[in-house]
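Everything on this sheet refers to the single structure shown next.
The values are calculated or read from the model by the stated rules, or taken from the named source; none is laboratory data. Computed from a predicted structure; not experimentally measured. When we count neighbours, we look across all protein chains shown, and the Cβ atoms used for this are built from the backbone with ideal geometry, even at glycine. Surface areas here come from the heavy atoms of the whole protein model, side chains and all, with no ligands, DNA or RNA. Shrake-Rupley method; radii C 1.70, N 1.55, O 1.52, S 1.80 Å.
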Amino acid sequence: MRKVYMSFLGTNDYIACNYQAPGLPTIANVRFVQEATIQWFCADWSENDRIVIFTTDESHAKNWLDDGHKDREGNVLSREGLQARLHRMRLKPLVEEVQVASGKNEQEIMDIFERMYAVLEPEDILYMDITHAFRSLPLLALAVLNYAKTMKKIQVGAIGYGAMEVLGEFRQVRSMEIQDRNIPVFDLLPYDQILEWSGAIDRFLSAGDAKDVVTLANQEVKPVLAKTQGRDKEAVAVRKLAHCLDEFSQTITTCRGKRITETASALRKAIQDAIDQETVRPLQP
């Protein structure tokens, strides 16, 4: 399966920072968050994979190319653009800039949606960085990836967001020494998973089909059970609940009348055993 990295390039005069994420090496003294997330996500990628940077006319001129910023007197500031920075990384995947509209109206927003969707191929694994996504693009990006999951059966590997605001306002960060500009990068993948839970629960409530709820529940407790060698009580309760919910759903769907009481009783007990669990938080409500 092909891997695809997507990111959005903004227009600010970015400053060098250190980007950090749990379990990953710190990427120090880089202007662009993409330099960090690409090193994390794409280090072992091949020529068959793809790195795509979305730009507007303004971000292309200011940050994709070199020397795109000026001081208050109109003098050009010496700045290496992202294109040059990525070139120096000698990446194996094809790096492509895709220019899009700035999203000033509904038609432009739909055009951006179509350009993003067109980049993806069936069964791609998508890694996305939305740190510098402009205006409504983070919301649009979630819409694209969920649409593509249905239409093209893609998977989502990570959704990165570099939270400079943790350190304070931009002018405060600029005044810091470089060793203090440590910006955490959050993985927003759980929010995509919440959208998956929304669809799964809707399917169960509207059609009585528990298959997607069962799949998601099992996916979330599997690593917990592996880490604890099956001894985590909450994870065990959720796994049992998923099994009983699946059994009950199939019993009703296939009209196995003699088993309804048995499976309903087992499900009721499983619900009581899992009622206070917090391992799979989207399941709790």
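Which aspartates and glutamates, on any chain, are close to Lys70 with Cα under 12 Å apart, when same-chain ones fewer than 8 places away are left out?
Filter leaves Asp13.
Between Asp180 and Leu94, what's the calculated FRET efficiency when r is the beta-carbon distance and R0 is 45 Å? Round to 0.05. Mind showing how you got there, number by number?
Numbers: r = 36 Å, r/R0 = 0.81.
Once the sixth-power term is evaluated, E becomes 0.80.
For Lys104, go through the lysines and keep the ones whose alpha-carbon is under 23 Å away, minus same-chain ones fewer than eight residues off.
Straight-line reach from Lys104, under 23 Å: Lys62.
Name the lysines eligible as straight-distance cross-link partners of Lys92: C-alpha to C-alpha under 21 Å, and not fewer than 8 places from it in the same chain.
Partners within reach: Lys3.
Roughly how tilted is helix 137-151, in degrees to the nearest 10 and between 0 and 90, from the longest Cα axis of the chain?
Once rounded, one gets 50 degrees.
Quick check: net charge around Cys244, other residues with Cβ under 11 Å of its Cβ, Lys/Arg +1 and Asp/Glu -1? Present the calculation step by step, with values, prior to reporting the outcome.
On the way: positive: Arg239, Lys240, Arg268, Lys269; negative: Asp246, Glu247, Glu262, Asp273.
So the surrounding residues net to 0.
What's the Cα-based Rg to Rh of the range 3-157, Rh via Kirkwood?
Working: Rg = 15.7 Å, Rh = 16.2 Å.
A ratio of 0.97.
Rounded to the nearest angstrom and ordered from largest down, what semi-axes does the equivalent ellipsoid of the range 203-253 get from its C-alpha gyration tensor (root of 5λ)?
Values: eigenvalues 112, 21, 9 Å².
Semi-axis lengths for the range 203-253 are 24, 10, 7 Å.
Rounded to the nearest angstrom and ordered from largest down, what semi-axes does the equivalent ellipsoid of the range 190-274 get from its C-alpha gyration tensor (root of 5λ)? Don't jump to the answer; show the numbers that get you there.
Details: eigenvalues 104, 64, 15 Å².
For the range 190-274, the semi-axes come out at 23, 18, 9 Å.
In square nanometres, what is the average projected area of the Cα convex hull of the range 136-266? Before the final figure, lay out each step's value.
Details: hull surface 49.7 nm².
Answer in nm², one decimal: 12.4.
How high is the relative contact order of the range 28-123, in percent, counting Cα pairs under 8 Å that sit 6 or more residues apart?
Numbers: 99 pairs, mean separation 27.5, N = 96.
Taking the mean separation of contacting Cα pairs over the length of the range 28-123, I get 29 percent.
Going highest first, how would you order 43-56, 220-233, 71-84 by mean Cβ packing within 10 Å? Write down the numbers at each step before the final one.
Values: 43-56: 17.4, 220-233: 13.9, 71-84: 12.1.
Result, highest mean first: 43-56, 220-233, 71-84.
Would you please put 253-260, 187-194 in order of how densely packed they are, using the mean number of other Cβ atoms within 10 angstrom per residue and starting with the highest? Intermediate results must be reported in sequence, preceding the final value.
On the way: 253-260: 10.8, 187-194: 15.0.
Ranked by mean Cβ neighbours within 10 Å, highest first: 187-194, 253-260.
Could you give me the percent of Cα pairs per 5 Å distance bin for the range 48-118, shortest bin first, beginning at zero and ending with the bin that holds the maximum distance?
For the range 48-118, the pair-distance distribution reads 4, 14, 20, 19, 16, 14, 9, 3, 0, 0.
Which value, in debye to the nearest 20, describes the size of the charge dipole of the chain about its Cα centre when Lys and Arg Cβ atoms bear +1, Asp and Glu Cβ atoms bear -1, and nothing else is charged?
Details: 35 positive and 41 negative charges, 194 e Å.
The dipole magnitude comes to about 940 debye.
For the chain, what does the relative contact order come out to in percent, with C-alpha contacts under 8 Å and a separation of six or more?
16 percent
At 222 nm, what helix-only mean residue ellipticity would the chain give, in deg cm²/dmol to the nearest 500, using -39500 (n - 2.57) for each DSSP H run of four or more?
Details: 9 runs with 123 residues, N = 285.
After summing the helix terms and dividing by residue count, I get -14000 deg cm²/dmol.
To the nearest Å, what is the center-to-center distance of the range 124-157 and the range 54-77, using C-alpha atoms only?
27 Å
Share of antiparallel DSSP beta bridges in the chain, in percent to the nearest 5? Show your work: numbers first, answer last.
On the way: 7 of 31 bridges.
Close to 25 percent.
How long are the semi-axes of the equivalent ellipsoid of the chain, taking √(5λ) for every eigenvalue λ of the Cα gyration tensor, in whole Å from largest down?
On the way: eigenvalues 387, 91, 54 Å².
Whole-Å semi-axes of the equivalent ellipsoid: 44, 21, 16.
So which of Lys222/Lys258; Lys153/Lys211; Lys211/Lys269 end up more than 26 Å apart by C-alpha?
On the way: Lys222/Lys258 32 Å; Lys153/Lys211 17 Å; Lys211/Lys269 20 Å.
Exceeds cut-off: Lys222/Lys258.
Can you give the relative contact order of the range 186-285 as a percent, counting alpha carbon pairs under 8 Å and 6+ residues apart? Kindly include the intermediate steps, with their values, before the conclusion.
Working: 88 pairs, mean separation 26.0, N = 100.
The normalised contact order for the range 186-285 reaches 26 percent.
How do Met164, Met151 rank by accessible surface area computed with a 1.4 Å probe, from largest to smallest?
Details: Met164 40, Met151 110 Å².
Sorted by accessible area, descending: Met151, Met164.
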